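Heads up: the structure comes next, in structure tokens.
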Amino acid sequence: MADHVKSNKDGFTLDKLLTLLGDIDSQPDWRTPATKACAYYDGDQLSEAVRKVLRDRGQPEIVHNMIGPTIDGVLGLEARSRSDLMIVADDENGDELAKALNEKFKDAWRLSHADRACSDAYASQLKAGIGWVEVTKNPIPFAAAYRVKFIHRREVWWDWNAQEADRSDARWMLRKKWLDLDEALTTFPDHKEILKNSVNLWEDFYKTVDKKHVEEHGLHSAWHDSQSWTRGQSEWLDQTRNRVLLQVIYYKVWKRAHIIKMSDGRVIEYDKNNDIHQAAVQSGKVTLEYAAFPNVREAWFVGPHRIIDRPSEAPGGMYNLIPFIGYQKDASGEPYGLISRMVPAQDGINARVIRLNYLLQARRVIADDDATQLSNDRLKEEIEKPDGYIPLNPDRKSKLKASDALSIQNDVGIAAQQFNLMQNDMKLIQDTAGVYNSMLGQDSNAVSGVAIANLVEQGTTTLAELNDNFHFSRNRVGDLLLAFIIEELKPQNNVQVTANRDDKAKRKQIVLNQPNESGKRDNDVARWKGHLALAPVKATPTYRQQQATLLSNVMSQIPPEAQAATMPMFVELMDLPNKEEFLATLRQALNIPKPQEDMNEDELAQAQAQAEKAQAMEELQMQEIQGNMEKLALEREQLKVKILELQKKTETEEVKDDKLIAETEKILSEVRRSNAEIAAMKSNVQANIQQQLDAIQV
């Protein structure tokens, strides 16, 4: 074959490409139904045979498209409930690194328009059953660093034996892309001659190359392969516009090699030329193990000419392409979307609409040959006119009644039946899709807000399989983009990242890959296990509005003191300009302490000093209360002794004079006063403890 790759002579050969294309030809034909489903969404729902019949009848091509609004309603639910992606570390030691990576990830996600790419893939998932998103480094130096792009299904083929939801176990994936000749020449400057001769069908080959060097030139073998290429030229060459078809094959190459398992759980391939790897093995800190694993490579073909064969730029053995799959047929694994279930009902609606219009305009004519002197065409024209004039033949045989010679009938009576059937088909559209009127903003039988919310919840439940597949694929896109970011950060040192840029109180500078005195790096992205959870965080205005409504209902039923404490949470859910300044003013006015996680260093130090001061004051108060209680207890004991003495004196002397009685009453009143003071002190202590418990924020 004509191999124009210098670095790899044993990669994806031309024979392998032909075998792969043959494998593609033998795959089930799921693309035709997918194209039909998308055409139904666009309103192209009538076949050419039906159109011809309508033209012959003079009927308009009426299509009552119920699929489009239903799918648009589901797409609107996705846009309304869209969530951000937040990186969460797997262990507690990586929280600071996770915050820095989260800022990098959010910027890359926003600048690459990843949300739009995933939404387009979701639309294709609903309509055709599958959509694709490609994550690559951006080849344009002046644009964003990464490119997250929706890829149409007609450009991608894959190994049909793959079973994983993201097709990560596929042996190969194929991406086809048409390039204009000038773009191809600029993209592959080392292969200009091959590209030009391919477009010219090699007609000027011997004119452009020196005869005495033709045997040494790589163009000779390229010309030979172009002559022996068995596929049609129209598959990869467009001479009208001077375009060539670029085919990129991502394929896995399995190998068995040594690996190193690190103490933190990371696994890396052993490199015998790496001094650090050798030293680690010789020191006994790590052990070598044999393992089999795949590496992903990519081969680029223009027709029969392989021009690139290299390791894939996607890190971690991942494919650049992520599928968004709706449903799959159990027998063949063919993908299909929500529209496939709605097509029969939509065909029924169109048939009923066409039938109704035809019944309203069609007339059945029963006439004798001599009923009129008009031609058949002229008679039909007059019958269709609301003021038509049909003179009868005075010489007709049947002269008793005009209706005996000419009778005009219609089937308007069955139009109501056709209309009822059409209404059933319209309801069937939503039933098969699992979508209710409330989800589409239409009237329904539900009157209360709770009932409407329950209907919407039921609809989202019936769409759970589709949405779950979407969120899984969207997270995989995030995983791949994050892997690109980490791969780019690994060789860099002292990368400054500002976390929480939008919040002045939480704003913080984090340094990634910062060398320390031990020779290692703090916040080293290379030392991560590589497993980061992408946790969804609701960020849409609709979601925040719902949460604000729920919180408002709760606040209306709690005491005013608790309402003041929850007011900052309520404001957090509002879209207000300068919200942080408003919250600070609100907390100051209501005397609500700021959460510790929102405080800066000065505020934390001040809060700690105030807490220590308050604790010291509480200790002094407790000591004073304890001293008073001990004093009262001592006085109580003394009073008890006096009472005993009086009792003994009374018993021995048998004296009952007024003076003794008065002394006894005085002592008893002092005892009661002492008991009351002790009870009051206990009550104050309990109230103080309860007040401190109430002040604890859960």
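Rule-based calculations on the coordinates, nothing more; no lab input. Since the model is a prediction, treat every value here as computed from it, not as a measurement. Backbone-built Cβ (ideal geometry, glycine too); neighbour counts: all protein chains shown.
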Treat the count of other C-beta atoms within 10 Å as a stand-in for reagent exposure and order TYR41, TYR389 from fewest to most. TYR389, TYR41
Could you give the length gained by full extension between ASP395 and VAL511, i.e. 0.36 nm per residue of separation minus their alpha carbon distance, to one decimal place? 30.9 nm
State the extension gain, in nm to one decimal, for the chain segment bounded by GLN163 and LEU551, taking 0.36 nm per residue of separation less the distance between their alpha-carbons. 135.2 nm
Computed E for LYS640/ALA616 - FRET, C-beta separation, R0 41 angstrom, nearest 0.05: 0.65
Filter the cross-link list LYS104/LYS137; LYS99/LYS504; LYS104/LYS261 down to pairs whose alpha-carbon distance in this structure exceeds 21 Å. LYS104/LYS261
Would you pull out the residues with amide H under 5 Å of LEU246's amide H, same chain only if 5 or more places away, H placed 1.01 Å from N? LYS177, TRP178, LEU179
By how many nm would the segment from GLN492 to GLN588 grow when fully extended, if each residue of separation counts as 0.36 nm and the alpha-carbon distance is taken off? 30.2 nm
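Taking only C-alpha pairs under 8 Å that are 6+ residues apart, what is the relative contact order of the stretch 261-324 in percent?
Working: 45 pairs, mean separation 12.7, N = 64.
After rounding, I find 20 percent.
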Amide H proximity to LYS508 below 5 Å, modelled H, separation 5+ or other chain, gives ALA499
Which of the residue pairs LYS16/LYS196; LYS16/LYS329; LYS127/LYS329 have a Cα-Cα distance greater than 18 Å in the structure shown? LYS16/LYS196; LYS16/LYS329
If each of ALA464 and ASP182 carries a label point 7 Å out from its Cα toward its Cβ, how far apart are those two points in nm? 5.5 nm
Roughly speaking, what is the centre-to-centre gap between the stretch 49-124 and the stretch 150-175 when only Cα atoms are used, to the nearest Å? 20 Å
Can you find, among LEU321, ASN393, SER332, the residue farthest towards the positive end of the dipole of the stretch 319-403? Put +1 on the C-beta of Lys and Arg, -1 on that of Asp and Glu. ASN393
Give the distance, in whole Å, between the Cα centre of the stretch 616-641 and the Cα centre of the stretch 463-481. 68 Å
Put a dot 7 Å past each Cα toward the Cβ at GLN59 and ALA292; how far apart are the dots in nm? 6.3 nm
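Please go through the stretch 302-392 and write out the GluC sites (Glu not before Pro) that DSSP classes as loop and that have at most 14 other C-beta atoms within 10 Å. Provide the component values of the computation, followed by the final result.
Working: sites: GLU313, GLU381, GLU382, GLU384; in loops: GLU313.
Sites meeting the loop and neighbour criteria: GLU313.
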Cα-Cα over 18 Å: which of LYS285/LYS490; LYS176/LYS255; LYS640/LYS666? LYS285/LYS490; LYS176/LYS255
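Quick check: from the Cα gyration tensor, does the stretch 1-151 come out rounded (a/c under 1.5), prolate or oblate?
In terms of gyration-tensor shape, oblate.
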Which far-off residues, 5 or more places away or on another chain, put their amide H under 5 Å from the one on ALA367, with H placed in the peptide plane? SER407
